[in-house]
Every structure is written in C-alpha cells, then in structure tokens.
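The values are calculated or read from the model by the stated rules, or taken from the named source; none is laboratory data. Bear in mind the structure is a predicted one, so any value in this text is a computation, not a measurement. Here the Cβ positions follow ideal geometry from the backbone for every residue, glycine too, while neighbour counts run over all protein chains shown. Only protein heavy atoms, including side chains, enter the accessible area calculation; ligands, DNA and RNA are left aside. Shrake-Rupley method; radii C 1.70, N 1.55, O 1.52, S 1.80 Å.
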Amino acid sequence: MSEICQTLKEVLENSQVKSALNVVKTNLPETIEIQKELVLIEAPTGHEETRSKRYKELLKSVGLNDVESDEHNNVWGWIRGSEKKGNCVLLEGHLDTVFSFGDVKEIIEGADGKLHCPGICDDTRAIAANLAVAKALIDSGIKPFYDIVIGATVREEGLGGMCGMKWILEDLSKKNHIVATVSIDGPTAVDFYANATGMVDWDVIFSGPGGHAWTAFKTPSAIHAAARAVAMISDLCLPEDPKTTITVSLIEGGQAIHGIAQQASFKINARSNSQVELNKLNEELVRIFHLACEQENAKYSNEKEVKVSYEKILDVPAGNQDDDALIIQATKAVTAAVGLEANFKPGGCTNTNMSIARGIPAVTLGRGGREFGTHTLAEWFDPKDVYLCEQKSILMLMLLAGLTDVSKPIY
C-alpha cells in the first residue's frame, strides 16, 4: 500500500494531472448535457446500434485515436502510450439499459436539480463520465506509459449476460495484453466491486402425453413433475459463506383446467460467490430435474411418461481477487484522494466478472452523484459533486497505465 500511496503522490503533484482533475469538474455541465442526449437514444439490451453509433462519433470528437466498433456494437478508442509494447488498460461502461422501446419519453428536470428519466443513471451516466475522462486526459496533454482504451459495451443487462464485455476483451486480447480493466457501474461514489458473483439462469421444460383429468387420470402430469422439482429445489440447503442463492421464477404450464398438463416450465436464477459452489449446485439441479420425472412416472404402470429438457440460458462465471490485490488497494487510495472513504462491497455481478474470469485485475467503481429507482420508470439522478467519479477514474488510470517520465504503472 505504501508504494501505491507514493506513486499516487507523484501523480497528484503532476501539473497535467491537476489540470485533468480540474477539467472534469469545470466541464461537468457539458458532461451532463451529453448524458441527457444519450439517455434519449433508447438502447434495450441487444438493440444498442443507434446509441453505439452516436457514442462512436463522440469518442472521435474528443480526440481518441483509432476509434472502432465491432459487429456486436461495442465501441472503443485509444489514448496511445509511450511504451508501444501492446500493454493497455480499459475503462468502460455499458451502452444498454433494461428498458423497452417506448419506455424513455422525456427528461423531467426538477427544481432541486434532479433529472428524472429511465436509464439516466444505469449506465448512461457511466459512458458520459468516461467520455469526459477521455477529453480531460487528451486536453491536458497527459501521456500514459501503457495504452488507455475508452470503451462502451453492449449486453450487460439481463440475459445479455455481460457478453459485450466478453467480446471486447476477446478483441483487445488478439493484439494486446490487457493489464487491468475499470468498469463504471452501480450507485454512489464510494462503493466498489472487485469480486465476481457467478450467475446461472436455467430454462426447464417438462412434457408429457396429457389427457382428460377424469378419463386419463392415471397419466403422469408435466405440472406435477415440475412441482416435485420445485419442491426439492426449495428444500436445498445452501451455504451462507460463500453466499449462494437460488430461486425458481416464471413458472407456467397446462392447457385447460380439466386437462392433465402436457407441458410445464419454469426458470431458475442461481448465484454464488464461489464457482465451486455454483458448479455443485448446477449438478444437483440436473439430478433433481431427472428425479422429479422418475418420481412422477413411478406412480403409474403405463408406458406414458413425462420427460424433461433443460438448458442454461445465462452462465456468468464467479471469481475472486485477494483482498490485498493491488487494484483493490489502488481503488481505496484514489477514493481517499478525492476526499471519500471507499466501501468494498462483497460479491457483485458486473462486467468485472468477465475480466476476473480471464485472470485480469479488475474493479467496478460506482457512478457517483445520488440516484434512485434504477431499473424502474421512476429513476432519477442528482449530479451534485458527481465529477468525483471522473476524478477517481483519472487517478486509477494513472496508477494502472502509468504516467510517462513521472510514475511507473503498479502492474
């Protein structure tokens, strides 16, 4: 920690860094206007094309080099470092929101300064902030040692499963070594995530012959089999440490009140801070699916049977970093440098998961400001002092990428 503090001291004394920190503060009104523009460009998960195109234009406008996008609509640009050996640090936020087309109609600005609009925080605030960071670094003439990549990713939310982050890491790794990643997501200026809660979503379907509830009463039921499975799942004893959870959601089935169900289905969300525990839980779930069929079919002597099919519709890996990892210590140091006390949150399911899964040091920092109602139509954002988010990002990038002729990267 002492070495990080010394490096940070050198960074903070640099006149160009001082300039960049001041630029993101004085340019905050401009940043908020860009945030307001972007939030009105609707970007449901999997439909980020229009917002991605506009963000690409904005990345070019602030002076980033080699701005490019991929077939998925990820977009990124470069601040080239002096090392020129392919080492890079990624700063990113995600383009998509949880809302459907038509949900975002207008921004209502309150007399108290709050901006009311679905998606105004998660994660539109992040991509606007990162653009401001890029502009400040370039306008202040900062020359990093490693390359810095400023990116915006797709498909973070819901069943997108952080695929955008996975894809951009794959693309960058083809020709570069990714030293570390910094993601901006989540509320507050003090919370941060540096470990990964794994998540698996299952789609489970039971199917059978069906029949009339009276005349075919000795026929096994898809709903009964599904109910047996749900009951067994609800009786599972899961560890509290590492925290592991499961819930059956979205259950449906049957075709008539007087009919033996031909089909029943449900979805499962399983999570754990341990990949080992998540793997064990997944194996147990598969056993339960088949056992439920066996128990339902065993009640009857005929050849008609209920069968089960299942698939993972989302699979996000879990992972951990040591509590004394350099990137965690750096996060605490830069948060203190802007006058705040960092709060290391346990677990977390963010784009950082994908970096940790590849063995890349990674952290997710909060968006800053005050916010309410994320993932609801009542979402609002208060930009007071939100520039602290950008200042933390600048200092993190200087620690991770280094500052030419001033300080070495911590990795």
From the phi of every residue in the stretch 115-123, what ³J(HN,Hα) in whole Hz does the Karplus formula 6.51 cos²θ - 1.76 cosθ + 1.60 yield, where θ is phi - 60° and glycine or proline is x? 10, 9, 5, x, x, 5, 9, 9, 10
When the charge dipole of the chain is computed with +1 at the Cβ of Lys and Arg and -1 at the Cβ of Asp and Glu, the Cα pointing farthest to the positive end, of Gln6, Thr331, Phe372, is that of Gln6
Magnitude of the Cβ-charge dipole (Lys and Arg +1, Asp and Glu -1) of the chain about the Cα centre, nearest 20 debye, reported as 340 debye
With a cut-off of at most 14 other beta carbons within 10 Å, and DSSP calling the residue loop, which trypsin sites (Lys or Arg not before Pro) in the stretch 55-90 qualify? Please list them. Lys84, Lys85
Residues meeting the amide H criterion for Ala362 (H placed from the backbone, H to H distance under 5 Å, 5 or more places apart or on another chain) are Thr181
In Å², and per residue, what accessible area does the stretch 1-95 have when probed at 1.4 Å with the other protein chains present? 46 Å²
Taking all protein chains in place and a 1.4 Å probe, what share, in percent, of the accessible surface of the stretch 229-312 do carbon and sulfur account for? 48 percent
Helix-only mean residue ellipticity at 222 nm for the chain, each DSSP H run of n ≥ 4 adding -39500 (n - 2.57), per residue, nearest 500: -11000 deg cm²/dmol
In sequence order, calculated HN-Hα J values of the stretch 193-201 (Karplus, 6.51, -1.76, 1.60; Hz; x Gly/Pro): 10, 9, 10, 10, 7, x, 8, 10, 10
Read-out Cα extents along the principal axes in Å, candidates [x] 85, 44, 37; [y] 87, 62, 47; [z] 83, 52, 38; calculated match is [x]
In nm, spacing of pseudo-spin labels at Phe372 and Ser234 (7 Å Cα→C-beta vector): 3.5 nm
What GluC sites (Glu not before Pro) in the stretch 65-133 are in a loop by DSSP, with at most 15 other Cβ atoms within 10 Å of the Cβ? Glu71, Glu106
Expected unfolding gain across Cys5-Asp171 under the 0.36 nm per residue rule, minus the alpha-carbon gap, is 56.5 nm
What distance in nm lies between label points placed 7 Å from Cα along the C-beta direction at Glu305 and Lys332? 5.7 nm
Tell me the carbon and sulfur percent of the accessible area for the stretch 102-200, rounded to whole percent, probe radius 1.4 Å. 52 percent
Keeping all protein chains in place and using 1.4 angstrom, which order do Met232, Met165 fall into by accessible surface area, from largest down? Met232, Met165
Give the lysines whose C-alpha is closer than 21 Å to that of Lys345, dropping any in the same chain fewer than 8 places away, or say none. Lys243, Lys332, Lys392
Between Ala325 and Glu30, what length in nm is gained on full extension when 0.36 nm per residue of separation is reduced by their alpha carbon distance? 102.7 nm
Considering only protein heavy atoms and a 1.4 Å probe, what is the carbon-and-sulfur percentage of the accessible area of the stretch 330-411? 52 percent
Which of the trypsin sites (Lys or Arg not before Pro) found in the stretch 254-308 are in a DSSP loop and have at most 16 neighbouring Cβ atoms, other than their own, within 10 Å? Lys299, Lys304
Determine the per residue accessible area of the stretch 144-203 with all protein chains present and a 1.4 angstrom probe, expressed in square angstrom. 28 Å²
Using a 1.4 Å probe, what is the accessible area per residue for the stretch 278-411, in Å²? 44 Å²
